[in-house]
Amino acid sequence: MQQRLLFLGPPGAGKGTQAIRLCNRNGLSHLSTGDLLRAEVKAATPLGIETAEIMDKGELVSDSLVLSIVEKRLSDLHGGWLLDGFPRTLPQAESLEVLLEQINQPIDAVVLIELNDEVLIERLLARGRSDDDEAVIRHRLRLYQEKTAPLVDHYNKQGLVKTIEGDGDIEAIASRIEESLK
Ligand code: B4P
């Protein structure tokens with residue numbers, strides 16, 4: 001199976017859900033920027049205090065803040081890994097490419113999980129995290145289209161994108177993802 005992976009997709013597509021499964025089953029290191037940021041918020045670090053309000057409004061945290069928390073972890077990566085929810089903007093993708101080149105670990109594949117907005121909204125409202133309010137979700141979906149969706153073209157040009165239908169049973173989606181990475 002391909003070993004150095006990115007997960008892309010709109011909020012609520014199931015990136016986190018599928019990333020945990022895939023990493024557990026295949027011994028990959030899982031790096032989720034959403035989880036790292038929420039850990040900072042929970043620990044009330046200066047970065048967490050700055051970040052909490054941004055996340056609750058459904059905004060993207062600034063590229064420089066995100067990069068400051070992933071940079072050190074990226075340089076520690078070895079073996080297989082999965083970056084979940086990062087990069088989310090073109091500047092983040094460009095910075096990532098420089099960092100991966102330095103450690104000589106190119107991306108093998110980008111898994112794009114697709115799902116329509118109505119199902120996304122339903123799922124996130126059911127999850128009920130502090131950033132899962134309907135108006136905030138709609139704002140996050142708009143930001144996804146504006147800032148993150150252009151990454152699909154970026155990685156398509158490199159022939160890396162595997163598109164996965166994100167609707168259906170969690171286990172069935174997990175099999176689709178594994179199949180696409182053989
Ligand atoms: P993330 O933590 O990345 O989360 P997400 O996009 O909201 O959700 P994900 O796609 O992982 O869905 P999940 O599996 O949980 O981002 C949160 C925030 O952090 C961002 O809005 C931003 O503020 C900040 N952030 C993170 N990374 C950043 C970056 N690089 N730059 C800037 N800001 C950044 O699934 C959602 C729900 O659906 C769950 O309840 C799950 O149980 C359910 N579900 C999953 N699969 C299902 C299925 N097949 N059927 C039914 N339900 C399912």
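The values are calculated or read from the model by the stated rules, or taken from the named source; none is laboratory data. As the structure is a computational prediction, the values presented were derived from the model and not from experiment. Don't worry about glycine lacking a Cβ; one is built from the backbone with ideal geometry, like all the others, and counts go over all protein chains shown.
What number of residues in region 38-47 are surrounded by fewer than 18 Cβ atoms within 10 Å (Cβ to Cβ) and either within 12 Å of the ligand (Cβ to nearest atom) or within 17 Å of I137 (Cβ to Cβ) (or both)?
Filtering region 38-47 down to residues surrounded by fewer than 18 Cβ atoms within 10 Å (Cβ to Cβ) leaves 39, 42-47.
Those left that are additionally either within 12 Å of the ligand (Cβ to nearest atom) or within 17 Å of I137 (Cβ to Cβ) (or both): 39.
Count: 1.
Entry remark, region 123-132: residues being surrounded by fewer than 17 Cβ atoms within 10 Å (Cβ to Cβ) and either in contact (Cβ under 8 Å) with a residue 60 or more places away in the chain or near the ligand (Cβ under 9 Å from one of its atoms) (or both) number 5 in total.
Being under 19 Å from T148 (Cα atoms), more than 12 Å from the ligand (Cβ to nearest atom) and either in contact with a strand residue (DSSP E or B) (Cβ under 9 Å, 6 or more places away or on another chain) or at pLDDT below 95 (or both) is true of I107.
If you check D56 against the conditions, is it among the charged types (D, E, K, R) and out of contact with any helix residue (DSSP H, G or I) (no Cβ under 9 Å at 6 or more places or on another chain)? Steps first, please.
Details: among the charged types (D, E, K, R): yes; out of contact with any helix residue (DSSP H, G or I) (no Cβ under 9 Å at 6 or more places or on another chain): no.
In short, no.
Within region 18-37, can one find any residue that is among the basic types (K, R), surrounded by fewer than 18 Cβ atoms within 10 Å (Cβ to Cβ) and over 25 Å from I164 (Cβ atoms)? No; the residues of region 18-37 include none that is among the basic types (K, R), surrounded by fewer than 18 Cβ atoms within 10 Å (Cβ to Cβ) and over 25 Å from I164 (Cβ atoms). Taking the criterion of being part of a helix (DSSP H, G or I), farther than 14 Å from G14 by Cα and of a type in the set (K, R), the residues of region 110-159 that qualify are R138, R140, R142, K147.
Just give me the residues in region 90-107 being assigned to a loop (DSSP other than H, G, I, E, B) and surrounded by 15 or more Cβ atoms within 10 Å (Cβ to Cβ), in sequence order. Steps first, answer last, please.
Here is the first cut: in region 90-107, the ones assigned to a loop (DSSP other than H, G, I, E, B) are 103-107.
Across region 90-107, the qualifying residues are Q105, I107.
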